[in-house]
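S.K.: Can you read through this structure? Questions will come right after.
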Ligand code: NAD
């Protein structure tokens, strides 16, 4: 069955370039009306240029789609709300939010100013939060919403010089992990994309020979799937690069259970450290509470 978005209205933040541009074009090519949001600054978020969003709108329209430009920054509560307002003023509804806008201010932590740390948190984390907050009552009222946030391997795996970026990207996973419970009964699904693609953000970092396959348009189909009615999962992290897709999940080891009626010493942790951290026993994490009843039963503490 062909997946389409007729009558659906989508916002794609940071849609003037790179991944966001491809997400917006793909959704529009399948019938979605798209707010192409982008203030058009440099990779570090400095400067602005309306032409960046305008050009993508022109491309969508030239291909027969519907789109409107918005130049507001996601990094401020009022201007983020204005992105949502653009959708409502133009088409009177909103169904999909692709929170893709991003910046980089990489530096070793010792040299990183708190201004650069906070700015990156503001764009990635708070920018997503502000847009979701403005969209939330609309989604709830319509009993429908699809939110896709953009996380990164820098959060889940780590990367030198990106403590600000990694912190912000990882926080987004926590954000959707909790909010999915509040969205569930309103058919609001929140999922995350963990992409790798050759864009201006990464073009100098990718190994030659590989980079040419990492075209952003090869990532967008998984975003479009998560933005569709067909997507029935929430809280998933889906990785996509060069046409390869996979799920990222947290795991927890079986661990070691000590008798909770007796003291636990630091040395007991040291002596059992290998067993506590042995990934061979790991299963998808349901949190420590998921393990605790089983372990207390094994210890004969509860029935
Ligand atoms: P990009 O620089 O090509 O695109 C990012 C876009 O976001 C730009 O057009 C920029 O103008 C816009 N933007 C920046 N600040 C904004 C703000 N305050 N409000 C609205 N828009 C703003 O980079 P990209 O690689 O396409 O990145 C897209 C997203 O994917 C980002 O969130 C990035 O962190 C994430 N990401 C990318 C990769 C990758 O390999 N390219 C890997 C992991 C995560």
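S.K.: Helix 288-298 against the longest principal axis of the chain: what's the angle in degrees, Cα atoms only, rounded to the nearest 10?
M.R.: Around 20 degrees separate the two axes.
S.K.: As I understand it, the value is the acute angle between the Cα axis of helix 18-29 and the longest principal axis of the Cα atoms of the chain; what does it come to in degrees, rounded to 10?
M.R.: Taking the Cα atoms of the chain, the angle to 18-29 is about 70 degrees.
S.K.: Principal axis lengths of the range 208-260 from Cα atoms, whole Å, largest first?
M.R.: Here the Cα extents, ordered largest to smallest, are 55, 37, 10 Å.
S.K.: Restricting to bridges with both residues inside the chain, how much of the DSSP beta-bridge set is antiparallel, in percent to the nearest 5?
M.R.: Roughly 20 percent of the DSSP beta bridges within the chain come out antiparallel.
S.K.: Could you state the number of Å between the C-alpha centres of the range 233-303 and the range 164-200?
M.R.: Here the answer is 22 Å between Cα centres.
S.K.: For the range 251-298, rounded, prolate or oblate, judged on the Cα gyration tensor with a ≥ b ≥ c (square roots of eigenvalues), a/c < 1.5 rounded, else prolate if a/b > b/c?
M.R.: oblate
S.K.: Does the range 159-217 come out rounded, prolate or oblate by the C-alpha gyration tensor, with a ≥ b ≥ c the root eigenvalues, rounded set by a/c under 1.5 and, if not, prolate when a/b is larger than b/c and oblate if not?
M.R.: Verdict is oblate for the range 159-217.
S.K.: Another question, then. For the chain, with a Gaussian network of springs between Cα atoms less than 10 Å apart, report the residue from 279, 179, 94 with the top mean-square fluctuation.
M.R.: Answer for the Gaussian network model of the chain: 279.
S.K.: Also: Taking the 0 to 90 degree range and rounding to the nearest ten, how far is the long axis of helix 51-62 tilted relative to the main principal axis of the chain, both from C-alpha atoms?
M.R.: In the chain, helix 51-62 runs at an angle near 70 degrees to the longest axis.
S.K.: Counting pairwise Cα distances across the range 32-85, what percent come out greater than 15 angstrom?
M.R.: More than 15 Å apart: 48 percent of the Cα pairs in the range 32-85.
S.K.: Answer rounded, prolate or oblate for the range 9-248, using the Cα gyration tensor with square roots of eigenvalues a ≥ b ≥ c: rounded when a/c is under 1.5, else prolate when a/b is larger than b/c, else oblate.
M.R.: On the way: a/c = 1.32, a/b = 1.24, b/c = 1.06.
Rounded, because the longest to shortest axis ratio a/c is under 1.5.
Bear in mind these aren't lab numbers, they're just calculated from the coordinates by the rules spelled out. What you see is a predicted model; the values in this text were computed from it and never measured.
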